[in-house]
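Report on the following structure.
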Amino acid sequence: MNTRILESSRWLAGAVALVAMTLLVACSGNGSDGVRGDQLAPPAEQVLRLRLTGEPKTIDPHLSNTVSETTLSKPLFGGLFTYDEGLKVVPNLATEIPTDDNGGVSKDGTTYTIKIAKDAKWSDGRPLIANDFVYSMKRALDPKLAGPYTSFFFGIVGAKDYNTARNTSKDASDADLAALRAKVGVSAKDDRTLVYQLTQPNPSFLNLLALWTAFPVRQDVVEKYGDKWTEAGNHISNGPFVLKEWAHNERIVFEPNPYWHREKPALTRLVINFIADDAAAYAAYLNDEIDSVVVPPASRREVLSPGSPLNSQLVRVSELTTFALYMNIGMPPFDNMKVRQAFGMAIDRDAYVEGVLQAGGRPTTSWIPPGMPGYDPNLGSQYVFNPAKARQLLAEAGYPDGKGLPKVTFLQVANDTNRLTGQFIQDQLKRNLGIEVDFEFVESRTYTARMAAVQHHATIQRWSADWPYPDNWLPEQFGSNGSANYSNYKNPKFDELMRRAAAASAVEAAGIAPAPRRLALADQLP
């Protein structure tokens, strides 16, 4: 059996944070990095079987948002750029990184000219051309599609006006939308040359082009099959794998794309099973039904023990991920800042990591995790566990000992870890604030839909880096119009600080002038 690996998850935001450390067990055997081709197991054994907690609502990259959706989009589609092991942007479908020297970036930093690899093809053998990217970027921004991950791309000329046309005018006609679509700053100079026009320099723009929202999809396939274009048999992709089978609510199966232009996958088959229950997934691993699994908290101490037969299969992975208590500020009592602060200071992060996660993480008050530019372990230190201060804040908010506090219900995906987390949170808030909270457990599709519609009161969520820079961690989660702002946080001062930080970074990246001192957001905002 070959060495097995698993891509980890990504989550969202709030006032109580935990830096994630995933514990995986993975079958080990003949395969390893650097193994010669003649040492590999037979093709029939080059099958990797993984697990997701539930079936995503889509694998359309322009509609994808959650970890399960993007996990399934990435093997099927490829963007112009991707990342190497050091988190450096490298070419994928592009021939090179655009720079001032090679003419790929204009002197003012607002025009990117990108060459597409000549041997890039779709999974049916048709050449991949620049107009495929033009169509796809404009499709992703189409207000009728209502993609969830679009505001990152508002730096493209005309992108915001087009994407938000129906927010500002419900009566925008098809002709109005077509005119706005035509003004979006992405065009094909020829079949192999793509041009993006930006409103101002953006140091993270190549990172954005590595995101799934910038992946190309086939116009003729989408128009022929409509919502069914992502089903097996209809699906055409451009990534290293193709969609072979989708047994809904059971599994999804990928096989190598024969027209993938780079090194062909060693795997002959990638099977991702949908298993909601953590214990069931762990049992499936022990029964050799899947090849990698996140160790559930109840089994972590055993697996961590050097005497355990599973210990040699254990892989500990530090992630660019932060877990947090996420509160909907648009609903009482979380419209009161002191209530939010009280909740944050009433939860013992150390006890959570050791007791619930069984050492599968690191306590923190910093939103940005270690390994990211801008990481500061002291940020948020005023919100460390402090039950006495938490009770004082709750009383100052008008709820002494929790009296009169509106009922709070946490929304969570139904799995073993979340149920343990729920019990822990309930105990902490009862013990330290004298209040009782409820937990509502739902399947993953319902959870995703309700989060997107901001139809929740509170949740324990996570966010992981889409790209390794702080602008992925702040404006879209907490900006007033951020596409991932599921907390209803609106603060004009924060928005202005984000605008200034982006302008400073963009000026620095373009080499126009020295950048001013970085903005210390935690010192300037509640």
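The figures follow:
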quantity	calculated
Qualifying helices (runs of 4 or more DSSP H) (wholly inside the range 163-281; at least 3 residues being of a type outside the set (G, A, S) and surrounded by 21 or more Cβ atoms within 10 Å (Cβ to Cβ))	205-209
Top-ranked residue in the range 341-382 [being small (G, A, S) and touching a Lys or Arg at 6+ places or on another chain (Cβ under 7 Å); ranked as surrounded by the most Cβ atoms within 10 Å (Cβ to Cβ)]	G360
Lone qualifier among T82, T113, T99, T71 - being on the phi < 0 side of the Ramachandran plot, surrounded by fewer than 23 Cβ atoms within 10 Å (Cβ to Cβ) and part of a loop (DSSP other than H, G, I, E, B)	T99
The range 86-96 - residue that is touching a strand residue (DSSP E or B) at 6+ places or on another chain (Cβ under 9 Å) and assigned to a loop (DSSP other than H, G, I, E, B) and, of those, surrounded by the fewest Cβ atoms within 10 Å (Cβ to Cβ)	E96
Qualifying residues in the range 306-350 (those that are over 25 Å from I275 (Cβ atoms) and without any contact (Cβ under 8 Å) to a residue 24 or more places away in the chain) - the one nearest to the chain's Cα centre (by Cα)	D335
Residues of the range 404-451 satisfying the condition of being without any contact (Cβ under 8 Å) to a residue 60 or more places away in the chain, among the aliphatic types (A, V, I, L, M) and in contact with a helix residue (DSSP H, G or I) (Cβ under 7 Å, 6 or more places away or on another chain)	L411, I435, V437
Every pair of residues 6+ apart whose Cβ atoms lie under 9 Å, when the first sits in the range 67-82 and is over 26 Å from Q461 (Cα atoms) while the second is basic (K, R)	G78/R262
Complete set of residues in the range 56-68 that are modelled with pLDDT of 90 or more and in contact with a Lys or Arg (Cβ under 7 Å, 6 or more places away or on another chain)	H62
Given (1) more than 19 Å from P333 (Cβ to Cβ); (2) free of Cβ contacts under 8 Å to residues at least 40 places away in the same chain, number of the condition S366 does not satisfy	(2)
T82 among the polar types (S, T, N, Q) and farther than 15 Å from A214 by Cβ	no
Unique match (being over 18 Å from R340 (Cβ atoms), crowded, with 16+ Cβ neighbours inside 10 Å and of a type in the set (F, W, Y)) among F385, F424	F424
Filter result for T82 (assigned by TED's automatic domain parsing to the domain that holds D190, among the β-branched types (V, I, T) and over 27 Å from R269 (Cα atoms))	no
Filter result for D124 (out of contact with any Lys or Arg (no Cβ under 9 Å at 6 or more places or on another chain), surrounded by fewer than 18 Cβ atoms within 10 Å (Cβ to Cβ) and at negative phi)	no
Selection from the range 395-412 of residues that are closer than 14 Å to L429 by Cβ and under 33 Å from the mean Cα position of the chain (by Cα)	P406, K407, V408, T409, F410
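Per-residue answers, yes or no, for (1) among the acidic types (D, E); (2) more than 16 Å from Y326 (Cβ to Cβ):
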site	(1), (2)
T446	no, yes
A453	no, no
P468	no, yes
W473	no, no
E476	yes, no
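The values are calculated or read from the model by the stated rules, or taken from the named source; none is laboratory data. The model shown is predicted, which means the values in this text are computed figures rather than measured ones. Virtual Cβ from ideal backbone geometry, glycine too; neighbours counted across all protein chains shown.
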